[in-house]
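The values are calculated or read from the model by the stated rules, or taken from the named source; none is laboratory data. The model shown is predicted, which means the values in this text are computed figures rather than measured ones. For neighbour counting, all protein chains shown are included, and Cβ atoms are generated from backbone atoms with ideal geometry for every residue, glycine included.
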Amino acid sequence: MKNKWVVTAVAVAVFVVIAPVLFMGALVLLIFMSDEGGHDTDYAEACSQIDETMVSLDDGQIHVVTAIVDVATELGLDNDAKAIAITTALAESKARIYANDGTHQYRPGTQHENIMSYAAWLEAAAVVKGSLAFPHDQVGRDWDSVGPFQQRPSAGWGSVEELMDPIYQARAFFGGPQGPNQGSPGGLLDIPGWKDLTIAEAAQRVQGSLYPDAYMQYTAQAQNILAAVDTSVCDENSNPDLITAEGWMHPVPTSSGLSSRFGEQRGGYVHAGDDIPSPSGTPIYAAADGVVVDSHCQFKNGRSPCQVRVDHGGGIETLYVHMYPSGVHAHKGDRVQAGQHIADIGSNGNSTGPHLHLEVWRNGTPINPYVFFLEHGIALDRP
Ligand SMILES: [Zn+2]
């Protein structure tokens with residue numbers, strides 16, 4: 001009888017104490033999940049120490065991390081995905097390109113047999129030795145692992161030649177429908193619900209590592225590095241004092257003057273925007289809050305690549321033209337704020353020098369940008 005009492009008491013305690021905790025947990029999880037993505041996306045501290053972070057990286061690491069960020073940006077992936085990949089590369093290789101001399105100590109008769117047979121190992125060792133012929137920062141000997149993510153040719157990640165290219169390894173790491181391995185071995189995007197995992201958990205799941213804690217110690221450093229290498233991470237809202245009371249700002253505030261204006265006759269057509277000259281790579285900021293409704297790098301509607309178009313509501317859109325693909329930081333569907341770094345000046349397409357071709361559309365028809373901006377407190381021909 002006494003035992004039954006104890007059991008009942010425990011059951012009541014479980015219900016009274018644990019159930020609310022579970023409920024709260026579910027609630028917290030729900031709130032957490034409703035926030036876009038499940039990870040720590042606060043980069044304020046990382047953005048305040050960019051210079052120190054850059055100094056701590058060598059050229060090889062910058063090369064690897066830049067490759068990761070470029071691939072992720074091209075795939076339209078967010079900061080979480082970038083941070084997961086950088087965390088993984090730091091944990092696996094300190095973000096360096098490893099060749100492999102094939103001298104892993106295989107011990108026949110041990111659990112090594114579960115990883116691969118001795119005959120298979122001899123073959124893998126001979127293959128991976130070929131990695132020494134490709135540019136590398138270090139030489140390792142962990143099975144036949146190579147490159148920044150320590151992917152193994154014998155596990156189907158790719159050929160030695162492919163895996164010695166950090167861009168290829170980043171593509172394989174992210175995986176998904178555009179990845180080289182079509183889910184086998186699977187990458188980050190092949191994991192259902194990866195956005196709800198922590199950075200370390202997600203890294204561990206892709207790598208199938210037995211030591212998830214190894215990734216945890218690199219997440220903060222990875223986010224610092226991301227902020228230092230990817231300019232778009234810290235540039236959001238970096239120009240609050242340049243925004244007028246109406247919520248608009250000059251998209252290239254460092255420029256001075258216009259090189260060509262709206263309405264000028266060009267052989268056979270009328271110039272539909274204002275041209276704002278500035279050196280290649282100069283940041284272009286969203287002129288006002290809005291949603292990116294188009295972002296592509298084709299010649300389209302008589303305009304040059306690349307183009308980003310932002311819908312500001314009320315029938316007003318702004319169009320930014322002539323960027324290079326690497327200078328496009330805003331993707332279709334992105335919500336942007338006035339002053340957010342959305343692109344970099346380029347001279348792509350039908351262009352005689354680096355400049356922003358800026359258009360303002362009202363209900364789908366180009367109007368005079370200079371006049372429109374002047375009505376919103378900004379003279380486009382002066383910084
Ligand atoms: Zn133009």
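Got at least one residue in region 287-303 being modelled with pLDDT of 95 or more, assigned to a loop (DSSP other than H, G, I, E, B), in contact with a His (Cβ under 9 Å, 6 or more places away or on another chain) and within 30 Å of V71 (Cβ to Cβ)? Yes, because at least one residue in region 287-303 is modelled with pLDDT of 95 or more, assigned to a loop (DSSP other than H, G, I, E, B), in contact with a His (Cβ under 9 Å, 6 or more places away or on another chain) and within 30 Å of V71 (Cβ to Cβ). Scanning region 244-271 for residues that are closer than 15 Å to F373 by Cα and aromatic (F, W, Y), we see that the one that is farthest from the ligand (Cβ to nearest atom) is W248.
In region 272-280, is there at least one residue being under 26 Å from P325 (Cβ atoms) and more than 15 Å from the ligand (Cβ to nearest atom)? Talk me through it step by step, then tell me what you get.
Within region 272-280, the first condition is being under 26 Å from P325 (Cβ atoms), and the residues that meet it are 272-280.
Cutting the leftovers down to more than 15 Å from the ligand (Cβ to nearest atom) gives us 279-280.
The answer is yes, given that some residue of region 272-280 is under 26 Å from P325 (Cβ atoms) and more than 15 Å from the ligand (Cβ to nearest atom).
Considering only region 282-301, I want to know if a residue exists there that is surrounded by 18 or more Cβ atoms within 10 Å (Cβ to Cβ), farther than 22 Å from R362 by Cα and within 14 Å of the ligand (Cβ to nearest atom). No, the conditions are met nowhere in region 282-301.
The residue pairs whose first member lies in region 189-212 and is closer than 20 Å to P148 by Cβ, whose second member is among the basic types (K, R) and surrounded by 17 or more Cβ atoms within 10 Å (Cβ to Cβ), and whose beta carbons are closer than 6 Å, counting only pairs six or more residues apart or on different chains, are I191/R205.
Taking the criterion of being away from the ligand (no atom under 16 Å from the Cβ), within 23 Å of the chain's Cα centre (by Cα) and either assigned to a loop (DSSP other than H, G, I, E, B) or not assigned by TED's automatic domain parsing to the domain that holds Q307 (or both), the residues of region 325-364 that qualify are H329, A330, H331, K332, G333, D334, Q337, A338, G339, Q340.
Please work out which residue is farthest from T244 (Cα to Cα), limiting yourself to region 259-280 and to residues that are in contact (Cβ under 8 Å) with a residue 12 or more places away in the chain and out of contact with any Pro (no Cβ under 8 Å at 6 or more places or on another chain).
Filtering region 259-280 for residues in contact (Cβ under 8 Å) with a residue 12 or more places away in the chain gives 259-263, 269, 272-280.
Keeping just the survivors that are out of contact with any Pro (no Cβ under 8 Å at 6 or more places or on another chain) gives 260-261, 263, 269, 275.
Numbers: S260: 24, R261: 23, G263: 26, Y269: 33, D275: 21 Å.
Result: Y269.
Only one entry in L122, L189 is within 20 Å of K82 (Cβ to Cβ) and not in a loop (DSSP other than H, G, I, E, B), namely L189.
For the structure I just gave you, tell me whether V310 is aliphatic (A, V, I, L, M) and buried (at least 22 other Cβ atoms within 10 Å of the Cβ). Yes. Restricting attention to region 365-376, the residues that are more than 13 Å from the ligand (Cβ to nearest atom) and of a type in the set (S, T, Y) add up to 1. A single member of A119, A99, A125, A95 is of a type outside the set (V, I, T) and surrounded by fewer than 14 Cβ atoms within 10 Å (Cβ to Cβ), and it is A119. Could you count how many residues in region 150-174 are under 22 Å from the mean Cα position of the chain (by Cα) and among the acidic types (D, E)? Residues that pass the stated criteria total 2.
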